[in-house]
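Down below is the structure, laid out as structure tokens.
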Amino acid sequence: MDKTKMADEMTYYELLEIERNATEKQITKAYRKKALKCHPDKNPDNPNAAELFHKLSKAFEVIGNPKAKAAYDATLKAKERARLRVQAYDSKRKKFKEDLEEREKSSQEEFNKDEVIVRNFEREIEHLREEGLKILQREQELMKQVIEKERQKQESSTRQDNDFTPTPKLKLRWKCSKSDTTNGGYSSEILRSMFRKYGDIENLLVSSKKMGSAIIEFRDFNSAKMAVENEYGNPANPLKITWLEGIGNPNVPTTTVETQVDFKSSPKNLALERDFETLVMRKLRQAEERKRLCEEIANEESR
């Protein structure tokens, strides 16, 4: 930095190299000494000598005058206070900046730590999810096995129960002489047409051995119940309807039960006829039960 530039930054006291509390005599003496030393005529080779001499003269004009010196001193004090305030502000700002940077750094470190923790948790969750999926698959497989065993057990139990479950069978009787070729006005077609209004008829057997007798089987007990309670047949030759099988069901009303068919036939023919009838009914019931179980299993799997 050259002397001219340095002189621009110096106070008048620094230019004259004296203290601020110097007296007028000391100020004058210092000016004369510096002015003689820096005079342009004595420094022909220094291009800055004239400017420096001018600054020395200006400094003496101000601080050599007591009133001007007082104003100049007040200005210096104000500048110093301002400098100190700026310095304090800069110091606070620097401290604030440093604190902010430190907090940001700490926050970033914490954020990085949290990211690491989150990634670790995500990996752990994914690992546990895969294990959970395997456990779920095993549980679902066990559930299927349990359901299959229960289904097989239920089928076995149903087959056993079907051997003992009574069916809604009714015995029909009416007056008919042995020589009556119309069987008392009741044929298989007439009886089926008469009873189908109460529900689906599974089987209808008009006895060929004993005139005026037939057995009818309904699909459900309610249909058989309504037939017992409401059907009377031809008023000129009314029907007598009694329960043959099915009295054990709670939906069936208490009434007279006939436990055997009164056909005029040999014991051997009667047994064959009843066995064939029982076999047909059993197969029909088993088919219905299989259909119901398949529907239940399909519903369970869909849920």
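The values are calculated or read from the model by the stated rules, or taken from the named source; none is laboratory data. Everything numeric here is computed off the predicted structure, so don't read it as measured data. Cβ placement follows ideal geometry from the backbone for every residue including glycine, while neighbour counts extend to all protein chains displayed.
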Does SER302 satisfy the condition of being modelled with pLDDT of 55 or more, hydroxyl-bearing (Ser, Thr, Tyr) and under 30 Å from GLN140 (Cβ atoms)?
-> yes
Does GLU139 qualify as being under 30 Å from GLN286 (Cα atoms), among the acidic types (Asp, Glu), modelled with pLDDT under 80 and surrounded by 10 or more Cβ atoms within 10 Å (Cβ to Cβ)?
-> no
